[in-house]
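Presented below is the structure to which this report refers.
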Amino acid sequence: MKTKSLLSILPLSLASAMAFSQSIDVEITNLTHGIHFTPILVSAHDDTTHLFSAGMTASDELKAMAEGGDTGPLMAASAESVVDTDNLASGLLAPSASTPVTAIETGVNTHLSIVAMMLPTNDGFIGLDGWEIPTDVGTYTVYLNGYDAGTEVNDEIINGGGTPGVLGIPAAPGMDAGTGATGVTDMESNATVHIHRGNTGDTNLTGGISDVDSRIHRWLNPVAKVVVTVK
Amino acid sequence: MKYLSSKSTTLAVTILAASLLSACGSSSDDDDVVVVDVPDETAMVSYDITLTNLTANQPLSPLAAQLHASDYQAWKVGSVASESLEILAEGGDNAALLAVDSASVYSAVSGTGAVAPGVTQTLTISAEEAGEMELTLLTMLVNTNDAFAGKTGLDLSALAMGESMKQFLPVYDAGTEGNSELAGTIPGPADEAGEGFNMARDDVDFVARHPGVVGMDHGYSESVLNSTHGFDSPAAVLTVTRTQ
């Protein structure tokens, strides 16, 4: 507390000169009962960078991640000083599974963001936006909510559509979803990043309005737990 | 007059404080001076545990409370539920869990009766003083297949006499019974043909956060649950106060 208030009155140049690389461990747990996460991107960056901002239109790079799980464009757009750590789970992170504890050297960066697509959803993702990395040694737990990128209509039709702009859900990795749905909706009223309202789903595996199973592909927030150990 | 009355109040408070202090003083003297290395069997800690059911229409099964060392954990996200947890989560019966035979569990207490929505209940749990003092508290949402709300491994060791700690309870899914919501699978009043514990495991077989229920009002016509049985996290709020 004292250090913080001291820093805030220091000239900016002096404060940035005091920034030093930190060694942190990051472990992410999928808290859900039936939702998979695509490869997870952990990004260490400065206090002005955002992979996403609630209430703002998603970038094309975020859209690619949220609609298809592709973190490549987000990483390609990162500034040189950013430390991106991708694919912590070496593929999908299954429901209730945890990533290996992953060591990250933060370099000059002070803040952490985390994103990964939630499957099966149209453009749902787990999100941490610019969390300030504590400077005190210790273990910190952060809970993540499920966001909607606001870029794709949540029709809940599983058709392999993972390319940005292509309507539909890429896949249900649990192989427990249906086919032949007519679609839940064809319009959205909020085109900005917002808290996901959840899947609607139905219990008809060969038709109905949704290919998503309403009993299985549900979640309540938070959807992920992040344990950060500052060493 | 005013002065006098205010003075007498001060006096009363001073006397009370003095008597409290001397009561505390003598017991801590026992700890510090008389018994140094030998554990004092009479040194106890007690906690009042107050829970309020925050759900709309999910009665909570009798509370299960345990004080324990840090190596005990009643459940873990991603791990298979113990049978005693399954029994509690599917049928609201806490007896097996509270009877768990573990050197790490200091004491176990059950609440009295179910806790209805909006109702607050307090129970007291005590144990011999120990360096590690953690609380596990859990309860079933009885109008579900296998949902429970709770905390395990809540560290109370830093809680001083008279201090309180407030916690909101998330909802977990034991993963031992599919969330079918069908008649004959749910022990609570929503299901007249209700069933509690069934040893068959027909779900994912790991503990996770609960996904919530669907209900007949949201298009799942076979469900015995309606919109009133919906819930979100947290399902309850817990206050732990150290009283001894």
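Table for the structure above
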item: 10 Å Cβ neighbours from other chains, averaged over peptide A:218-227; result: 3
item: Ascending count of other beta-carbon atoms within 10 Å, so fewest first, for A:TYR143, B:TYR172; result: A:TYR143, B:TYR172
item: Label-point separation, A:GLU132 to B:ALA69 (7 Å along Cα→Cβ), nm; result: 4.0
item: Cβ-derived FRET efficiency at R0 30 Å, A:THR182 paired with B:MET216, nearest 0.05; result: 0.90
item: Neighbour-count order for A:ASP211, A:ASP129, A:ASP60, fewest beta carbons within 10 angstrom listed first; result: A:ASP60, A:ASP129, A:ASP211
item: Sorted by Cβ neighbour density within 10 Å, fewest at the top, the residues A:GLU105, A:GLU80; result: A:GLU80, A:GLU105
item: Neighbouring partner chain Cβ atoms per residue of A:90-98, average, 10 Å criterion; result: 3
item: Packing-based ranking, highest mean first, of B:51-59, A:20-28, B:193-201 given that Cβ atoms within 10 Å are counted; result: B:51-59, A:20-28, B:193-201
item: Helix-only [θ]222 nm of the protein assembly as shown, DSSP H runs n ≥ 4, -39500 (n - 2.57) each, per residue, nearest 500; result: -4500 deg cm²/dmol
item: The protein assembly as shown: C-alpha pair distances exceeding 40 Å, %; result: 32
item: Equivalent-ellipsoid semi-axes of chain A, from the Cα gyration tensor, Å, largest first; result: 35, 18, 14
item: Cβ-Cβ FRET estimate between B:THR122 and B:GLN244, R0 fixed at 22 Å, reported to 0.05; result: 0.90
item: Paired Rg and Dmax values of the stretch A:124-231, which use every Cα atom, in angstrom; result: 16.8, 54
item: Per-residue average of Cβ from other chains inside 10 Å of B:217-228; result: 2
item: Förster radius 30 Å - calculated FRET efficiency between A:SER53 and B:ALA158, Cβ distance, rounded to 0.05; result: 0.20
item: Global size of the stretch B:44-242 as Cα Rg and Dmax, reported in angstrom; result: 16.4, 54
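Every number here is computed from the coordinates shown, using simple stated rules; none is lab data. Nothing here was measured: the structure is a model prediction, and the numbers come from that model. Note: ideal-geometry Cβ built from the backbone for every residue, glycine included; neighbour counts use all protein chains shown.
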